[in-house]
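Working notes, structure below.
A short reminder: the numbers here are calculations on the coordinates, not readings from a lab. For clarity, every value in this text was computed on a predicted model and none was experimentally measured. Virtual Cβ from ideal backbone geometry, glycine too; neighbours counted across all protein chains shown.
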Amino acid sequence: MIQSVSKHWWKNKSKRAVLAVGLSILWVILVSGIAFFWGLGNFSLIDETEPLFAEASRQMYITGDWITPYFNGETRFDKPALIYWCQAIAYTIFGVNEWAVRLPSAIAALGVVGLAFYTLHWQQAQRDGLQGVDRPSRRWLTAGLGAAVIALNPEMIAWGRVGVSDMLLTGCMCSALLCFFHGYSQPAESNFKARWYFAFYVLIGLAILTKGPVGIVLPGFIIFLFLVYLGNFWQVVKEIHLIRGLFVIAAVSVPWYALVTWENGWNFIDSFFGLHNVERFTDVVNGHSAPWYFYFIVVAVGFAPYAVYLPAAMIRLKFWQRQAWVSTERSQQLGLFAFWWFIGVFSFFTIAVTKLPSYVLPLMPAAGILIALLWSDLIVDKSTDNIRKVSQSVSPVFLSSPLMQASGCFNVIFISAVGFAFFEVTKLIGPDPAAPNFQQMLQRSNLPVLGGIIWVAAAVIIAIFLIRRRYLHLIGINLLAFSAFTILVLTPALFVSDASRQLPLKQLSQLAAQIQEPGEEILMIGFKKPSVAFYAESKINYIKTNQKAADYINNQAKSGSILVLAEPKRFPKLGLESTEYEKLAEKQAYGLIRATISEQ
């Protein structure tokens, strides 16, 4: 009888576990699908940066040269080869299109979200084991919350939907850090310890192949801060078999660097290591300077609306109590690890002279982990008799904390301001020559009004729960509001923006590709939009001024004809008679003509 009951209990538990795993996978796919995959290829490439990667990858795909990246007939050494390889492989499977361009970024983001989910669930399970209790609801809800917060924020969505190297770097780097933590947390006798460390080294090698030395310097800096704080730096260095790991990293990353240097010599070394690595850290490159507080603003906006709770999440750790953390089980140091992960990325790029919003993208998963652990204290398992009610699930000191209450108030103020700003957003957007009808199109869509309603309604609901001290519900309302905003406002707004800004240029470029005669040159005057090279599938001659363009057409262009892409108002200023050019098409701010060039 006892054996039968035991067998039935284990069978039901096994079924529940399988169901939980299945629902978890679906949850990760759902939040990642909303954030990264939905409508991924339904809008044009975004100038200026994305088409540079897309076209360099297309050149790699059609020429078969997988070593040296090229854009518009010139070498492009801004970034290493991994992003180009991934996009070129996607081209072979899905064809040359926007979906394939952005797929590596979306997959990298999905990978981080999934591994963060697993890590949070594992950490909570270890916590339950140490406490001698079973809280399955808290394990799954904490992991699910962390995955949702990591995926559903502006910074992750922006870079997870763009075909550039930033999200691929974040995917490799952040996955490497999570693998390190798993290896660090495993018992010494565990067979998985070495495997996690091996995965860590492989991912570091891939990070170096994605963006260069920062792929090892930044994770190394984070791990150094974490271990020095705990005082076990040399112990862990011996444990991770560092020399062996460096060989793994070199085996993954060095071959391409050796081959591209062999083919291009000092041109590669000066451009990649000099300009795009050392100078970006020590000097302003391409005018990307910003004040010292720049990344405070980036994190506040890029991790909205959850950023208001980051101070509380960090203070909850009591990181100043070092001795308590030193005596804590390694598996329970995830919060501390995420704290130093956040601080390491933030301080590293604050010190750097060149500043861009995408640079702090790798700290967003750490921020999501911190928020998930903050709310894990509020999640209880109602099926467990010895767990108290929600209102008693954390210490009274924390519940009455002025910081927690202030965070909730700032949450209400912030999203209220966002909501009211959306009601006036069409007035706040200045005129854009590249998208002359965008303001009118956006206003007619009523998307700003809908966005304002979503955020103001969320602010009211959060204020009600805050007054009633229902802290558990605050993060859920933020997530629901942001999800609704992403689906109903943000994604449709991208289509409106595309129809006004990028789509006309795409259509003219594709028309040029269709009608281009053998040997016919394509000239772009007055602006430099790399997407034209991708969609026209041809080398583009960029000329900045009307006078230089007129001189080129009259004195340097080959005889026959030439396709010219420019603002329509420029065409009469090129010194051409009306009989010397044919108007082919005009869309929004751009026009395409074919000019006849007589023999010189």
remark   = Measuring from the longest principal axis of the C-alpha atoms of the chain, the long axis of helix 491-500 (C-alpha) lies at a number of degrees, nearest 10, equal to 10
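I'd like to compare 231-244, 584-597: which one has the highest average count of other Cβ atoms within 10 Å, and what's the full order after that?
Numbers: 231-244: 13.3, 584-597: 18.4.
The most tightly packed comes first, giving 584-597, 231-244.
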task = Could you tally the net charge around Thr68, taking each other residue with its Cβ under 12 Å from the Cβ of Thr68, Lys/Arg +1 and Asp/Glu -1?
result = -2
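Apply the Kirkwood formula to segment 505-597: the hydrodynamic radius equals the inverse of the mean of 1/r over all pairs of different alpha-carbon atoms; give it in Å with one decimal. Please list the in-between numbers first.
On the way: mean 1/r = 0.0776 Å⁻¹.
One over the average 1/r among Cα pairs gives 12.9 Å for segment 505-597.
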remark   = Tilt, helix 364-376 to longest principal axis of the chain (alpha-carbon atoms), in degrees rounded to tens, equals 30
key: Residues of type aspartates and glutamates that Lys587 reaches as a straight line, Cα spacing below 12 Å, ignoring anything fewer than 8 places off in the same chain   = Glu567
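Can you flag which of Lys355/Lys427; Lys79/Lys529; Lys193/Lys238; Lys355/Lys569; Lys79/Lys539 are past 25 Å Cα-Cα? List each step's numbers first, then the result.
Details: Lys355/Lys427 29 Å; Lys79/Lys529 19 Å; Lys193/Lys238 13 Å; Lys355/Lys569 36 Å; Lys79/Lys539 21 Å.
Over 25 Å apart, Cα to Cα: Lys355/Lys427; Lys355/Lys569.
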ask   = What Kirkwood hydrodynamic radius do you get for segment 126-223 when you take the inverse of the mean 1/r over all pairs of distinct Cα atoms, in Å?
value = 15.3
query = Along its principal axes, what span do the Cα atoms of segment 518-562 show, with the longest given first and each in whole Å?
reply = 28, 25, 9
inquiry  = Could you tell me how far the Cα centroid of segment 191-250 sits from the Cα centroid of segment 442-503, in Å?
reply    = 40
ask   = More than 24 Å apart: what percent of Cα pairs in segment 402-500 qualify?
value = 31
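Per DSSP H run of at least 4 residues, take -39500 (n - 2.57); add these up for the chain, divide by its residues and hand me the 222 nm value, nearest 500 deg cm²/dmol. Write down the numbers at each step before the final one.
On the way: 26 runs with 368 residues, N = 600.
My calculation for the chain gives -20000 deg cm²/dmol from helical runs alone.
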task = Arrange the peptides 162-169, 419-426 so that the one whose residues have, on average, the most other Cβ atoms within 10 Å appears first.
result = 162-169, 419-426
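What does the highest-first list of 252-263, 500-511, 203-214 look like by mean Cβ count within 10 Å? Don't jump to the answer; show the numbers that get you there.
On the way: 252-263: 15.8, 500-511: 20.8, 203-214: 24.1.
Highest to lowest by the protection proxy: 203-214, 500-511, 252-263.
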Bins of 10 Å, starting at 0 and running to the largest distance - Cα pair percent for the chain = 3, 15, 23, 24, 17, 10, 5, 2, 0, 0, 0
request  = Please give the FRET efficiency for Asp432 paired with Glu586, using the beta carbon to beta carbon distance and R0 = 22 Å, rounded to the nearest 0.05.
outcome  = 0.75
